[in-house]
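So the structure is just underneath, and the comments pick up after that.
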Amino acid sequence: MPDHKTALITGASRGIGLACADRFARAGYNLVLTCCRSFEELKIQAKNLQDKYHISCLALQADMGCEEDVLRLFTQITDLDVLVNNAGIAHIGLLSDMTSDEWHKVMSTNLDSCFYTCRAAIPLMLHKHSGRIINVSSVWGTQGASMEVAYSASKGGMNTFTKALARELAPSNIQVNAVACGVIDTAMNACLSEEDMAALKEEIPADRLGRPEEVADLILQIAQAPEYMTGQIITIDGGWY
């Protein structure tokens with residue numbers, strides 16, 4: 001439908017990205033969804049969303065940390081109102097054991113991807129003199145986590161990227177914000193042992209993990225928030241930090 005706004009959500013085949021796709025579709029947004037590996041699954045999800053909410057939903061396979069893939073992706077996007085940078089990976093282990101390839105993979109997927117997508121999205125938003133960019137970050141971007149140095153560094157970079165780009169784009173009525181997630185019940189955290197998960201829950205005042213749908217609700221609220229709200233890192237962590 002021509003009056004519908006369009007949202008691009010990266011890493012949308014599962015977890016927070018898939019929850020975002022559902023929330024935005026329910027709100028009447030047309031969608032462009034990406035994933036790197038689970039493309040057949042994403043196509044099924046896109047078809048379901050399109051049928052359920054009667055919106056346009058395009059599923060595309062792309063490695064968001066690859067400049068060529070992102071450039072190719074944007075050749076198929078001519079109109080954009082909201083960009084949700086959700087694609088990301090974790091790496092748990094001692095920094096001294098981490099290879100250079102592993103470091104660069106975390107940085108390219110989590111941080112370079114924001115540069116590539118924002119650089120491509122900004123002209124589309126400038127043309128409309130409006131737009132929303134929402135980056136999915138982590139509490140480790142401000143606190144830092146032992147055994148997750150690369151991940152923490154990538155999310156810390158995302159936070160300052162968000163603040164700096166918000167200042168740059170505010171005169172053009174494009175808002176840039178980030179959501180700093182605590183421990184969310186997604187596949188990314190499935191690698192934790194039952195003991196580690198139980199210890200984490202004990203640290204969280206809410207006494208549970210966050211749900212992807214709760215993060216998605218917050219992201220949709222930010223996409224529809226007053227234009228004066230920009231450059232913010234908004235934490236959702238059950239009172240943890």
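Quick notes on this structure:
- Carbon + sulfur, % of accessible area of the range 196-241 - ligands and nucleic acids excluded, 1.4 Å: 48
- Angstrom value of the Kirkwood radius, inverse mean 1/r, which spans all Cα pairs in the range 1-120: 14.7
- Two-decimal log10 I(q)/I(0) for the range 125-185, as the Debye equation yields it once each C-alpha is a single scatterer, q = 0.12, 0.13, 0.17, 0.29 Å⁻¹: -0.34, -0.39, -0.59, -1.10
- For Thr235, nonlocal amide neighbours, meaning residues 5 or more places apart or on other chains whose placed amide H falls under 5 Å from its own, are Ala180.
- Under 5 Å from the amide H of Val176 lie the amide H atoms of Ile133, Gly231, each residue being 5 or more positions distant or on a separate chain, with H modelled from the backbone and absent for Pro and chain starts.
- Under 5 Å between amide hydrogens, built in the peptide plane, is the criterion, and for Leu58 it picks out Leu31, Val32, Leu33 among residues at least 5 positions away or on other chains.
- Here each label is just a point 7 Å from Cα along the line to Cβ, and for Glu68 and Glu227 those points are 4.0 nm apart.
- For the chain, the residue among Val139, Gln224, Pro171 whose Cα projects farthest onto the positive side of the dipole built from Cβ charges is Pro171.
- Compared with the alpha-carbon gap, the fully stretched path from His127 to Thr75 is longer by 17.1 nm at 0.36 nm per residue.
- Computed from backbone phi with θ = phi - 60° and the Karplus coefficients 6.51, -1.76 and 1.60, the 3J(HN,Hα) list for the range 62-75 is 7, 8, 5, x, 10, 4, 4, 5, 5, 4, 5, 4, 6, 5 Hz; x is used for glycine and proline.
- Rounded to the nearest whole Hz, the Karplus-based 3J(HN,Hα) values (6.51 cos²θ - 1.76 cosθ + 1.60, θ = phi - 60°) of the range 19-31 follow the sequence 4, 4, 4, 5, 5, 5, 5, 4, 7, x, 7, 6, 10, with x at glycine and proline.
- Working note: Karplus 6.51/-1.76/1.60 with θ = phi - 60° gives the range 133-146 the couplings 10, 10, 9, 8, 10, 8, 4, 5, x, 10, 8, x, 10, 4 Hz, where Gly and Pro are set to x.
- For the range 178-219, accessible area per residue (1.4 Å probe, heavy atoms of protein chains only), Å²: 53
- FRET efficiency, Met98 to Asp196 (Cβ-Cβ, R0 25 Å, nearest 0.05): 0.80
- Percentage of interatomic Cα-Cα distances in the range 124-230 larger than 25 Å: 30
- Peptide ranges 189-201, 138-150 listed from the most packed, as the mean C-beta count within 10 angstrom indicates: 138-150, 189-201
The values are calculated or read from the model by the stated rules, or taken from the named source; none is laboratory data. Quantities reported herein were computed from a predicted structural model and do not represent experimental measurements. In this analysis, Cβ positions are derived from the backbone assuming ideal geometry, glycine residues included, and neighbour counts consider all displayed protein chains. In case anyone asks, the SASA skips ligands and DNA or RNA and just uses the protein heavy atoms, side chains included. Shrake-Rupley method; radii C 1.70, N 1.55, O 1.52, S 1.80 Å.
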